[in-house]
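For reference, the structure is listed below as structure tokens.
The values are calculated or read from the model by the stated rules, or taken from the named source; none is laboratory data. These numbers were taken from a predicted model, which means no experiment stands behind them. Backbone-built Cβ (ideal geometry, glycine too); neighbour counts: all protein chains shown. To get the accessible areas, we keep the full protein, side chains included, count just its heavy atoms, and leave off ligands, DNA and RNA. Shrake-Rupley method; radii C 1.70, N 1.55, O 1.52, S 1.80 Å.
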Amino acid sequence: MNNIILMSYLSLFLPFLAFLINALLFHSSRKKHAAYVSIVLSGFGFLSALYIAVFYFQSGIAPGKLILWEHLFLKFTDSLHAHFAFLLDPLSIMMVVVVSFISFVVNLYSLTYMKDDPSFSRFFTFLSLFSFSMLGLVVASNLFQMFFFWELVGISSYLLIGFWYQKPSAVKASKQAFVLTRFADSFFLLGIVLISYIASTFSFETLNSLSLSHFSGSINLGFISISKLQGLFLSSILIFIGGWGKSAMFPMHIWLPNAMEGPTPVSSIIHSATMVVAGVYLVARLFPFFALFPSTLHLIMVLGIITAVFAAVIAITQKDIKRILAFSTLSQLGYMLFALGVTSVVLQNESFIHPLGYSASIFHIFTHAFFKCMLFLIAGSLIHAVHSNSLEAMGGLKNKMPWTYAAAIIGVLAISGLPPFSGFFSKDEILIAAFQSEHFIVFALALVTSALTAFYMFRFFFLAFHGKPRSNSTANVKESFGLSFPILLLAIPSFLGGYAFKKLLFQYYGPGSNNLNVFEKSMQGDWIPFASSFIVLVSIFLAWYFYARPYAKIQKSLDSSNRPRFYKWIYHQFYFDEIYDALVQQFLFKGIAQTIRFFEDYIIGGLLKLFLFVIQKLGSLVRELQSGWTPFYLGLMIFGVLMWSLIAKLPI
Amino acid sequence: MTLLNCLLLSFILFGIGVFGLLRRRHIVAMLISIELMLNAANMNFISFAYFSKGDASAGAIFSLFVIAITACEMAIALAIVIAMYRRTHSLDIDSLRGLHE
Amino acid sequence: MFPTELKDLFFYFISALTITTALATVLVKNVLQSAIFLIFSFVATAIIYLMLHAEFIAISQVMVYAGGVVIFVIFTILLTSHLGETAFSTKVPRNFIAAFLGLSFLGLAYRFLFQNHSLLSYTPSAPLDYASLKSIAFRLLSIQSNGFVIAFELIGLILFASLIAAVSIARKQKEEK
């Protein structure tokens, strides 16, 4: 047991140690050292995480919860304490393993990818900080610790997205990500405050075993008085809004595609298993609590499916490969979230929970982490080789980058969800969950999304690797082993991960709470894997037909000028960036900010100037009094005596 | 000749002293005005000593004290005037603003 | 000494003399002249002291003020201003303010003297020898509870100290050559 505690400290704090070493010792000159420190320490971190996982699943504790260590962090009241702890349960250990593995692989990849960057060591410093904060987030045993690391993730992602701060677009993107997630986090914090006020606890364990019948009476929010049940419901919505922003759900999604301005390894780590799934993780972590409120779960489901379809549609039209992957990430996040949402079944005014959606969502987090990280790294390799983000400059890379090509096949098949690749298993679980909980519209939309996913992924695949080279820079491309090796490392779990994890899934990954009203499934849905596979195959064929058949008009299909208006709408991502810009410009800057500026300038500033004027005048008056002119002093003295004797009541 | 007359006389003398003190620019002239004011105060002592039923001798003695203190004050003040004159060659109070700095 | 009515008349006359000489002291431009007028004013005051039966005080007044202090002042004037010919003119507003503040003591007199009717009840009630040399000397040097011996000693000390101080201040410093 002591071993495990030591290992848990190692797995959490080794990235932090790497951050400290890099930040304090290697911040400037010694280039390679920083990378070696990060790679070695994150490698050991991964090994210790793996050790904990093996121990946990073999010791028979699973799927029980275990708090390995706990330190008192802040004492708010006598009963409300915030702890800093390491929570061990199936969900957290899965995340710890995945995050430290991805972090290790991305560190390894960045060694080659970033080798010419002048701020090489700064990159590894931030990357280590990011890994640490994400690990701290997933092992949190209470809301407060989670929020703490949640914000740490926010700031380190801000630093990473804005890593190339010389580029104005990167600065803009990092600011946007920071502000948008902070906007959502403010609601999260409100939710934490509200729930800790009502339930007087931060602990997930207590929150997950809440029983609504214990809460009666009302609380006073200052301007309105609501019952405690309503307060809990409100806090569940508020907490979810934190995840809403972090997981970039519609319409707060715009920071995620723009965050592609960061270096590709950053996109890879942020958008695969870490920052963006934090929102999904939050909902999963508090799932029994959310399950108390079917309306919240419905909101989650609707948002998830909207984002899934919306992002998939946009991804079809994009030409920037990183943007394609970014919208694909959005779409997959939508998948995970609506999978959590479909668990809620309302039949004849009684709400049930169908636990399959929960398990499927976690499953999808797991598989998605590997293949999406790999796809981003592949995109990074392509960009590294071609020196362009655009599909217009690629094509015909199949023979020049054979290893990358092989990995890309695995990646796109995995994300499209064909058996036996990992994505198939998790996606099918989600589809089955949606079908069995009788959310048929969501189920249909999910099928459409999976077809769209296969289409845009194969569009990317065919346009990048097949056909003829479309630019000069593709001619002398060489594959670099330093980039291919990490990709191949990820190819293994992308290929086999689904099959291996599925066994664990049904054994250990349930909602982990016994006071749920479990829904007994009525429909089997055995046909769904076949149907979805068929749809995916059709999509792949269509993609091949449009982009890779021998006489395909690739130039024309890449040309976006002669397109219908609807296409342009999609291509410009429904002008959401522009809407946000207009909103911020017109409403925030011109409306509110200028009003406040006016107030500041003329009223507060005016008051200040008035005070200044009065005080200056008083000062000069007093200064004039001190003239050094003796008769004046004498006159004042006599005047004072006169006043004193005239005004004061002398005892006569 | 009543107490009122004497006190009124002393008030008037004091007022004249104040008037002189404020309007003269020559330091010695200001000292002279101060002498007038002290003299007025002295007259108050004597008047009350003479007219009140209390300890009359004490009033007289206090006026003696006042005279003695005045002598001290004048001695030092005139010494200062001389020292100042040596240094600045001026006895105009308006031009002596060294206290200001 | 004087018949009552005559005494009053004489008092008024002397008072007028005192006030006039005091005013002259303040108003004349030449400092030397104002010192001379000051002597007259002091002598007139001394006469009023005599009328109040304070002979010893009157003599002291004449001896110390008129004979000592003012002569000292005159010496100083002669030392510094060459017969006091340096006269400084003052501006009208300053004269006006000085006059106002001086006159306002008349206002004080009005408030504290004429509105205070208890003053009318005072009559000459001191024993005739209250300020004789003998009684003053006894009180000054008495060590009884109503004696002023400590104050007397202190005054002597102060006089002594201030004379030394005056000499040391007025002395020509050796550095000043």
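To the nearest 10 degrees, how steep is helix A:481-508 against the longest Cα principal axis of chain A, on a 0 to 90 scale?
Orientation of helix A:481-508: about 90 degrees from the principal axis.
By Kyte-Doolittle mean hydropathy of at least 0.5 and Cα axial length of at least 20 Å, which whole DSSP H helices of chain C are selected?
Span-like helices here: C:4-27, C:31-51, C:92-109, C:149-170.
By a straight-distance test (C-alpha under 30 Å), which lysines pair with residue C:7 as possible cross-link partners, with residues fewer than eight away in the same chain excluded?
Of all the lysines, those that pass the test against residue C:7 - Cα under 30 Å, at least 8 places apart if same chain - are B:53, C:134.
Pairing the Cα long axis of helix A:402-416 with the longest principal axis of chain A, what angle in degrees results, from 0 to 90 and rounded to the nearest 10?
Computed tilt is about 80 degrees.
Among C:52, C:113, C:38, whose mean-square fluctuation peaks in a Gaussian network model of chain C (Cα, cutoff 10 Å)?
Among C:52, C:113, C:38, the largest mean-square fluctuation in the Gaussian network model of chain C belongs to C:113.
Can you bin the protein assembly as shown into rounded, prolate or oblate? Criterion: square roots of the alpha carbon gyration tensor eigenvalues sorted a ≥ b ≥ c, rounded for a/c under 1.5, prolate for a/b above b/c, oblate for the rest. Please report the intermediate quantities before stating the final value.
Numbers: a/c = 4.03, a/b = 3.25, b/c = 1.24.
Taking the square roots of the gyration eigenvalues as a ≥ b ≥ c, the protein assembly as shown is prolate.
Evaluate the relative contact order of chain A (contact order divided by residue number), counting alpha-carbon pairs under 8 angstrom at least 6 apart; express in whole percent. Let's see the in-between values first.
Numbers: 1036 pairs, mean separation 74.7, N = 652.
Relative contact order here is 11 percent.
Using θ = phi - 60° and the Karplus curve 6.51 cos²θ - 1.76 cosθ + 1.60, what whole-Hz ³J(HN,Hα) does each residue of region C:117-129 get, with Gly and Pro shown as x?
Each residue's phi maps through the Karplus curve to give 6, 5, 5, 5, 7, 7, 10, x, 10, 7, x, 5, 9 Hz.
Please work out the FRET efficiency for the pair residue A:496 and residue A:530, using the Cβ-Cβ distance as r and a Förster radius of 22 Å; give the result to the nearest 0.05. Intermediate results must be reported in sequence, preceding the final value.
Details: r = 22 Å, r/R0 = 0.99.
Computed FRET efficiency for residue A:496 and residue A:530 comes out at 0.50.
I need the phi-derived Karplus couplings for region A:173-183: 6.51 cos²θ - 1.76 cosθ + 1.60, θ = phi - 60°, integer Hz, Gly and Pro marked x.
Coupling constants for region A:173-183: 5, 5, 4, 4, 4, 5, 5, 5, 5, 5, 4 Hz.
Return one number: the angle in degrees, 0 to 90 and rounded to the nearest 10, between the long axis of the Cα atoms of helix A:294-317 and the longest principal axis of the Cα atoms of chain A.
Approximately 70 degrees, to the nearest 10.
What accessible area per residue comes out for region B:7-72, rounded to a whole number of Å², with a 1.4 Å probe? Walk me through the intermediate numbers first.
Numbers: 1540 Å² over 66 residues.
Per-residue value: 23 Å².
To the nearest 10 square angstrom, how much accessible area does residue A:115 have with a 1.4 angstrom probe?
Ignoring ligands and nucleic acids, residue A:115 comes out at about 90 Å².
Where the only charges are on Cβ atoms (+1 Lys, Arg; -1 Asp, Glu), what is the dipole of the protein assembly as shown about its Cα centre, to the nearest 20 debye?
On the way: 58 positive and 39 negative charges, 512 e Å.
Approximately 2460 debye in magnitude.
Do the sum for chain C: with -39,500 (n - 2.57) for every DSSP H run of n ≥ 4, divided by all residues, what is the mean residue ellipticity at 222 nm, to the nearest 500 deg cm²/dmol?
Details: 7 runs with 112 residues, N = 177.
Helices in chain C give a 222 nm mean residue ellipticity of -21000 deg cm²/dmol.
Rounded to whole Hz and in sequence order, give me ³J(HN,Hα) for region A:438-449 from the Karplus expression 6.51 cos²θ - 1.76 cosθ + 1.60, θ = phi - 60°, writing x for Gly and Pro.
Using θ = phi - 60°, the values come out as 6, 9, 6, 5, 4, 4, 5, 4, 5, 4, 4, 4 Hz.
Rounded, prolate or oblate: which fits chain C when a ≥ b ≥ c are the square roots of the eigenvalues of the alpha-carbon gyration tensor, with rounded for a/c under 1.5 and prolate only if a/b beats b/c?
Values: a/c = 1.95, a/b = 1.18, b/c = 1.66.
Oblate.
Leaving ligands, DNA and RNA out of it, work out the accessible area of residue A:353 with a 1.4 Å probe and give it in Å² to the nearest 10.
Taking all protein chains as shown, residue A:353 has close to 10 Å².
For residue A:344, list long-range residues whose amide hydrogen, built 1.01 Å from N in the peptide plane, is under 5 Å from its own amide hydrogen.
Answer set, sorted by chain and number: A:354.
Can you find, among A:134, A:154, A:83, the residue sitting farthest towards the positive end of the charge dipole of region A:67-175, where Lys and Arg contribute +1 and Asp and Glu -1 at Cβ?
Selected residue: A:154.
If each residue of separation counts as 0.36 nm, what is the full-extension length gain between residue A:347 and residue A:597 once their alpha-carbon separation is subtracted?
On the way: separation 250, 0.36 × 250 = 90.00 nm, distance 5.40 nm.
Using 0.36 nm per residue and subtracting the Cα-Cα distance, I get 84.6 nm.
Of the candidates C:167, C:26, C:73, which one comes out as most mobile in a Gaussian network treatment of chain C with C-alpha springs shorter than 10 Å?
The residue with the greatest mean-square fluctuation here is C:167.
Quick one: grab the alpha carbon gyration tensor of region A:524-607, order the square roots of its eigenvalues as a ≥ b ≥ c, and give me rounded if a/c is under 1.5, else prolate or oblate depending on whether a/b is larger than b/c. Please list the in-between numbers first.
On the way: a/c = 6.65, a/b = 2.39, b/c = 2.78.
Oblate shape, in that a/c is at least 1.5 and b/c is the bigger or equal ratio.
Kindly flag which residue pairs out of A:65/A:427; A:246/A:372; A:167/A:590; A:115/A:246; A:32/A:398; A:115/A:468 have an alpha-carbon separation exceeding 21 Å in this structure.
On the way: A:65/A:427 27 Å; A:246/A:372 17 Å; A:167/A:590 26 Å; A:115/A:246 30 Å; A:32/A:398 31 Å; A:115/A:468 30 Å.
Flagged as over cut-off: A:65/A:427; A:167/A:590; A:115/A:246; A:32/A:398; A:115/A:468.
Using a 1.4 Å probe on the protein chains only, how many percent of the accessible area of region A:577-649 belongs to carbon and sulfur?
Working: 4430 of 5870 Å².
Carbon and sulfur together cover 75 percent of it.
Would you calculate a helix-derived [θ] at 222 nm for chain A, using -39,500 (n - 2.57) for each DSSP H run of n ≥ 4 and dividing by the full residue count, to the nearest 500? Don't skip to the answer; put the middle values down first.
On the way: 26 runs with 438 residues, N = 652.
For chain A, the value works out to -22500 deg cm²/dmol.
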